[in-house]
Amino acid sequence: MRLEARQISVRFGALAALASVSLDVQSGERRALIGPNGAGKTTLFNVIAGELRPASGSVLLDGRDVTSLPTWRRARMSVGRTFQRSALFPRLSVSENLELAVRRGALGGRRRAVPDRLAAAGLSAVAERPAVSLGHGEQRALEIELALACEPRLLLLDEPMAGLSGAERQAALARLRDLPRSVTLVIVEHDIDAVFAIAERITVLDHGVRIADGTPAEVRADPRVQEVYLGRS
Amino acid sequence: MPAVLLAVLISLPFWTPSRYWVSVAIQALILAVFAMSLDLLLGFGGMPSFGHAAFYGMGAYACGKLFPQLTGGGLLAFLAAGMAAGVIAALPIGALAVRARGIYFLMLTLAFAQMVWGLAFQWTSFTGGTEGMSGIPQAVPDWLQEQGQNVWPALRTAGPFYVVALTVAVLAFAGLTAITRSPFGRALEGIRENEGRMRALGYPTYRYRLAAFVIAAAFAGLAGATTALYNGYANPSQLYWHTSGLVLIAVIVGGTRSLLGAVLGAFFVTIVQLVISSYTEHWQLLLGAVFIAVVLFLPGGLISLGRLGWLRR
Amino acid sequence: MNGLVFAGLVFLLAAGLSVIFGVMDVLNLAHGSFYMLGAYAAFAVVSRTGSFWLALLLGPLTVGLIGAVMELVLFRRLYQRGHLAQVLLSFGFTLVFVDLVRSWFGPRTYGIAPPPGLGGAFHVAGANFTKYDVFILGVSLLVGAALLVGWRLLKVGAVLRAGVSDKEMVGLLGIDLGLVFTLTFAFGAALAGLGGVVAAPFVAIHPAMDDNVLILALVVVVLGGLGSIEGALAGSLLIGLAYSFGTFYLQEFSIAIVFALMAAVLVLRPRGLFGIRT
Ligand SMILES: Nc1ncnc2c1ncn2[C@@H]1O[C@H](COP(=O)(O)OP(=O)(O)OP(=O)(O)O)[C@@H](O)[C@H]1O
Ligand SMILES: [Mg+2]
């Protein structure tokens, strides 16, 4: 699915969280969205997913303007997302969590897909435990699997690797690499190695402004990016 | 456990010492239906309504207002009218209230319910004012009236309405159990746990919440109709916020997220209200103290005492 | 009852409710009970000493103390468990207080006379005012003004509230959150107690007097926006006017009209007139 976010602006009071930011992602592309804390990455995801209405600008999916569509409608158009802070169903079991996801907002069947999903995420052993009782790594794995279980064509991943151990990181990376090309991937991630391992193009935000956009090599060479990343830290 | 409870209730007229206990049981059963309907909203949907009496009262008033027309249709017509009244009131109220969450939802439901109460209380020409409406027939079907006692001699003392109340309660339990176990019920729990995620998964959460609100109101209306038939009247106190509070106490004391808990709570509240009150004037103090204790020390309610051994989740 | 005076009285209650909510995020359903306790305290003091002014001092103090104890002993345990538990707890107290009052004072209805000097009535601009009406208005205006100024200080608490879930942060700031909460709850309770004392000379003092008042205060607070003093002021005025308008012109709907007004505001502004928080 092709994603075009055109000149998106979002304000929180006096703060311009996004100032006319555009993002154009081709169908099947792997795109990384990076930037320092508070750059507006999550905010942009919220706009794309439908949780936030931008003050100006528009969001197009496969050329269709969805700016005024609610989140659930966009989800049914195959937009899947993960949250920076795991957004699970704490008191429901892991398999109940996934059951809600495979139904994709409808009440029909498809529960049969749940065991496969559990296996793919490596969560079969904890299937009957409430999500709240999982360890951080397992929660992140479930977080990603909830999004994948919807069979998205556009997948927005908000710092999926945050807080994972080395081994868990590798597992998550492998899972993302295996995604078919029918899935367009936009990933926000602070782990630069992971970014360069996955991304074909990188967009850099800072203070709500897009400061770079290009191939990994271009972005790495960009003086403004170097200033933001090196100059400050 | 539901089976044991059912057995006790079915056999009640055989071993009960008096008609009095049957009447306590009837009122407990009615409150149980009311409490289960609130539990759908509060326990499963995570929507703490403090105005559920609006729909209970609407159910009663529908019977009061329409009984000349409904009498021909018999018991089912009354019960259906009660449910319909609940639904009709819940659609506009829910459409507005469900947009709010948590405390705001609680206050909105309370306010809307008080509005309904205000109308019933003051609009005397239409609602009968403080007096409400009386003379509602029990509408026990003829065959039950006549044949029931032959089949089940105990009914001679218990009165045939016990069968009506028990049947309504059992059907409501079955219906609400089916709803909570259905994909819809699961989705409702998902919304309670994490509404944002449910939206992101493609669930139109507003509609789900509104649907739950309306279904809960329908069952509350059913309970209200049953109480109107049993007592023969509809009056403003059935709509007052004390009634909303009482049913909330029943659900919390019994245990949320469990229909059986709601039933248990309803029996507890009824016994305190009707039985203990004949020994002491201060049943409200007792009820309040128990309620406070449960809120503080037993968040899972009475039902969680039974669960301690075999944790369900 | 004059709409303005009515508004003034409701404001005293709504303000306390709003302060408690604004700082602690607790919706206190026992607020009507605090008002009732204030009125009974007034009756107890006046019937023993004959001094309304002493009651005006002791009533709010007593109720404030009760509030402080409730917060210290019970509410405190529930901060981890979220708002609903606290609302429920406060609701439990409405039952307890009603019965306690009934067991101490009996089910009778009492009344007290306005203090000497505030007895008579007079005309202004074609409307009838008693001197006591003016007194009520004066008290509410005074409280309102003091709160508007003091609210900025209380905002300290609102900032702290953000830290309820983040104990370390609050510890780092070196502020005793617990103390702030106790004082706030006590203060809100005292305001309701004050409302009760002030109302005592012209309402019937009986064990069900908490009912309507609680609901009205809630409506005002919801109308004005939870946690906003300006909102409580505006909400009280609106409700007072709507109520007196209703009693004059639409007698069968005077209660419903108040709630309809609230519903209308909420449809247009879900957080109330002055509400900002989401
Ligand atoms: N709901 C909100 N209300 C007010 N300000 C907000 C809100 N959400 C985000 N912000 C502010 O907007 C700015 C951008 O936030 P955003 O979460 O998009 O950053 P981010 O790039 O995802 O940062 P991080 O790497 O820390 O996740 C930040 O300054 C943040 O404080
Ligand atoms: Mg972020």
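The values are calculated or read from the model by the stated rules, or taken from the named source; none is laboratory data. Treat the numbers as computed from the prediction; the structure is a model and nothing was measured. Quick reminder, even Gly has a Cβ in these numbers, built from the backbone with ideal geometry, and neighbours come from all protein chains shown. Note: areas computed on protein heavy atoms with side chains; ligands, DNA, RNA excluded. Shrake-Rupley method; radii C 1.70, N 1.55, O 1.52, S 1.80 Å.
Remark: pairs (first residue in the range B:128-148, at negative phi; second residue in a helix (DSSP H, G or I) and among the basic types (K, R); Cβ separation under 8 Å; 6+ apart in sequence or on different chains) = B:M133/B:K65. Within the range A:83-99, being open to solvent by less than 10 Å² (accessible area, probe 1.4 Å) and more than 9 Å from chain B (Cβ to nearest Cβ) holds for A:V94, A:L98.
Does any residue of the range C:145-163 turn out to be touching a helix residue (DSSP H, G or I) at 6+ places or on another chain (Cβ under 7 Å) and at pLDDT 75 or above? For the range C:145-163, residues touching a helix residue (DSSP H, G or I) at 6+ places or on another chain (Cβ under 7 Å) and at pLDDT 75 or above: present. Of the residues A:V21, A:V59, A:V79, the single one that is touching a helix residue (DSSP H, G or I) at 6+ places or on another chain (Cβ under 7 Å) and away from ligand 1 (no atom under 16 Å from the Cβ) is A:V79.
Listed here are the residues, each with its yes/no results for (1) among the small types (G, A, S); (2) surrounded by fewer than 21 Cβ atoms within 10 Å (Cβ to Cβ); (3) in a helix (DSSP H, G or I).
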residue: C:G8; (1), (2), (3): yes, no, yes
residue: C:I20; (1), (2), (3): no, no, yes
residue: C:V26; (1), (2), (3): no, no, no
residue: C:A42; (1), (2), (3): yes, no, yes
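Of the helices (runs of 4 or more DSSP H) lying entirely inside the range B:97-212, those containing at least 1 residues that are within 14 Å of another protein chain (Cβ to nearest Cβ) and among the small types (G, A, S) span B:102-122, B:124-127, B:161-181, B:183-193, B:195-200.
Return yes when A:R140 is farther than 19 Å from A:S27 by Cα and more than 16 Å from the chain's Cα centre (by Cα) and no when it is not. No; evaluated as a whole, the condition is false for this residue. Between C:V198, C:V203, C:V267, the distinction of being surrounded by fewer than 24 Cβ atoms within 10 Å (Cβ to Cβ), away from chain B (no Cβ under 11 Å) and of a type in the set (V, I, T) belongs to C:V203 only.
Considering the conditions (1) under 22 Å from A:A75 (Cβ atoms); (2) away from ligand 1 (no atom under 16 Å from the Cβ); (3) surrounded by 13 or more Cβ atoms within 10 Å (Cβ to Cβ), A:R181 is excluded by exactly one of them, (3).
Which one is surrounded by the fewest Cβ atoms within 10 Å (Cβ to Cβ), of the residues in the range A:35-51 that are of a type in the set (A, V, I, L, M) and within 11 Å of ligand 2 (Cβ to nearest atom)? So, considering only residues that are of a type in the set (A, V, I, L, M) and within 11 Å of ligand 2 (Cβ to nearest atom), the one surrounded by the fewest Cβ atoms within 10 Å (Cβ to Cβ) is A:A39.
Filter the range A:2-16 for residues that are more than 14 Å from every other protein chain (Cβ to nearest Cβ), exposed (fewer than 15 other Cβ atoms within 10 Å of the Cβ) and within 16 Å of ligand 2 (Cβ to nearest atom) and give the result. Across the range A:2-16, the qualifying residue is only A:L15. Is it true that A:R104 is within 16 Å of ligand 2 (Cβ to nearest atom) and open to solvent by 50 Å² or more (accessible area, probe 1.4 Å)? Judged against the criteria, A:R104 is not a match.
Selection of the range A:52-76 for residues being buried (at least 17 other Cβ atoms within 10 Å of the Cβ), in contact (Cβ under 8 Å) with a residue 40 or more places away in the chain and within 18 Å of the chain's Cα centre (by Cα) yields A:L52, A:V59, A:L61, A:A75. Listed by first and then second residue, the pairs linking a residue in the range B:196-210 that is under 21 Å from B:L96 (Cβ atoms) to a residue that is open to solvent by 10 Å² or more (accessible area, probe 1.4 Å) and assigned to a loop (DSSP other than H, G, I, E, B), with Cβ atoms under 8 Å apart and 6 or more places separating them unless they lie on different chains, are B:R199/A:G50; B:R199/A:E51; B:R199/A:P70; B:P204/A:P70; B:Y206/B:R99.
Name the single residue, out of those in the range A:1-18 being more than 12 Å from ligand 1 (Cβ to nearest atom) and in contact with a helix residue (DSSP H, G or I) (Cβ under 8 Å, 6 or more places away or on another chain), that is farthest from A:L61 (Cα to Cα).
A:A5
Inspect all residues belonging to the range B:69-76 and state whether any of them is out of contact with any Asp or Glu (no Cβ under 7 Å at 6 or more places or on another chain), buried (at least 19 other Cβ atoms within 10 Å of the Cβ), modelled with pLDDT under 90 and more than 7 Å from every other protein chain (Cβ to nearest Cβ). Yes, because at least one residue in the range B:69-76 is out of contact with any Asp or Glu (no Cβ under 7 Å at 6 or more places or on another chain), buried (at least 19 other Cβ atoms within 10 Å of the Cβ), modelled with pLDDT under 90 and more than 7 Å from every other protein chain (Cβ to nearest Cβ).
Every test in (1) within 15 Å of ligand 1 (Cβ to nearest atom); (2) closer than 27 Å to A:P90 by Cβ; (3) open to solvent by 40 Å² or more (accessible area, probe 1.4 Å) is passed by A:M161 save one, and that test is (3).
Inspection of the range A:17-31 identifies no residue that is within 12 Å of ligand 2 (Cβ to nearest atom), hydrophobic (A, V, I, L, M, F, W, C) and either within 14 Å of chain B (Cβ to nearest Cβ) or open to solvent by 50 Å² or more (accessible area, probe 1.4 Å) (or both). Is there a residue being on the phi > 0 side of the Ramachandran plot and either open to solvent by 10 Å² or more (accessible area, probe 1.4 Å) or under 17 Å from the mean Cα position of the chain (by Cα) (or both) anywhere in the range B:252-275? Yes: one or more hits.
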